[in-house]
1. Condition first: of a type outside the set (S, T, N, Q), open to solvent by less than 20 Å² (accessible area, probe 1.4 Å), in contact (Cβ under 8 Å) with a residue 24 or more places away in the chain and not in a loop (DSSP other than H, G, I, E, B). Can you find one or more residues in the stretch 52-65 that meet it?
2. If you take the residues of the stretch 33-51 that are more than 11 Å from the chain's Cα centre (by Cα) and of a type in the set (Gly, Ala, Ser), which of them is surrounded by the most Cβ atoms within 10 Å (Cβ to Cβ)?
3. Would the stretch 8-17 turn up any residue that is open to solvent by 60 Å² or more (accessible area, probe 1.4 Å) and either within 18 Å of Trp105 (Cα to Cα) or within 12 Å of the chain's Cα centre (by Cα) (or both)?
4. Quick one: which residue in Arg71, Arg38 is of a type outside the set (Phe, Trp, Tyr) and under 13 Å from Val111 (Cβ atoms)?
5. Which condition breaks for Met82 when tested against (1) over 25 Å from Val2 (Cα atoms); (2) open to solvent by 70 Å² or more (accessible area, probe 1.4 Å)?
6. Of the numbered conditions (1) aliphatic (A, V, I, L, M); (2) under 24 Å from Arg66 (Cβ atoms); (3) open to solvent by 50 Å² or more (accessible area, probe 1.4 Å), Val5 satisfies every one except a single condition; which is it?
7. Taking into account only those residues within the stretch 95-107 that are assigned to a loop (DSSP other than H, G, I, E, B) and out of contact with any Cys (no Cβ under 8 Å at 6 or more places or on another chain), which is surrounded by the fewest Cβ atoms within 10 Å (Cβ to Cβ)?
Amino acid sequence: QVQLVESGGGLVQPGGSLRLSCAASGIIFSIYTMGWYRQAPGKQRELVAKITGSSSTNYADSVKGRFTISRDNAKDTVYLQMNSLKPEDTAVYYCNAVRALHQAWGQGTQVTVSS
């Protein structure tokens, strides 16, 4: 059974930083492309960043230069380092694992950027 468990969300002031973690189980983690998505109230879920098994990365234009995705295959964990956070980054952040036709989602973690 695949499980993706996110952690690290919370309330942070504009300009602050947070690091999200997503621990995976039930999959051969190293061969999966891992991603972070977010969904703000009233908006569609959108891709934030993704990283392949060979650590190639891709970012949404809105987070380039501020967010960094990384993975530790020894710990079956993917991270999202978020710096220079803005109020518009407020959303529920979801971890995603995908390989071929198989996809799994985490339960989400809330990130709120507010003064």
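1. There is no residue in the stretch 52-65 that is of a type outside the set (S, T, N, Q), open to solvent by less than 20 Å² (accessible area, probe 1.4 Å), in contact (Cβ under 8 Å) with a residue 24 or more places away in the chain and not in a loop (DSSP other than H, G, I, E, B).
2. The extreme case among them is Ala40.
3. No; the residues of the stretch 8-17 include none that is open to solvent by 60 Å² or more (accessible area, probe 1.4 Å) and either within 18 Å of Trp105 (Cα to Cα) or within 12 Å of the chain's Cα centre (by Cα) (or both).
4. Values: Arg71 fails: under 13 Å from Val111 (Cβ atoms).
One residue alone meets the criteria, Arg38.
5. Single failed check for Met82: (2).
6. (2)
7. Among residues in the stretch 95-107 that are assigned to a loop (DSSP other than H, G, I, E, B) and out of contact with any Cys (no Cβ under 8 Å at 6 or more places or on another chain), the one surrounded by the fewest Cβ atoms within 10 Å (Cβ to Cβ) is Leu101.
Residues are listed down the side, and each one gets a yes or a no for (1) in a loop (DSSP other than H, G, I, E, B); (2) free of Cβ contacts under 8 Å to residues at least 24 places away in the same chain:
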{"site": "Val5", "(1), (2)": "no, no"}
{"site": "Leu11", "(1), (2)": "no, no"}
{"site": "Pro14", "(1), (2)": "yes, no"}
{"site": "Leu20", "(1), (2)": "no, no"}
{"site": "Ala24", "(1), (2)": "no, no"}
{"site": "Ile27", "(1), (2)": "yes, no"}
{"site": "Ser30", "(1), (2)": "no, no"}
{"site": "Arg38", "(1), (2)": "no, no"}
{"site": "Leu47", "(1), (2)": "no, yes"}
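The values are calculated or read from the model by the stated rules, or taken from the named source; none is laboratory data. Worth saying up front: this structure is predicted, and the values here are computed from it rather than measured. FYI the Cβ positions are ideal-geometry reconstructions off the backbone, even for glycines, and counts take in every protein chain you see. All accessible areas refer to the heavy atoms of the entire protein, side chains included, with ligands and DNA or RNA removed. Shrake-Rupley method; radii C 1.70, N 1.55, O 1.52, S 1.80 Å.
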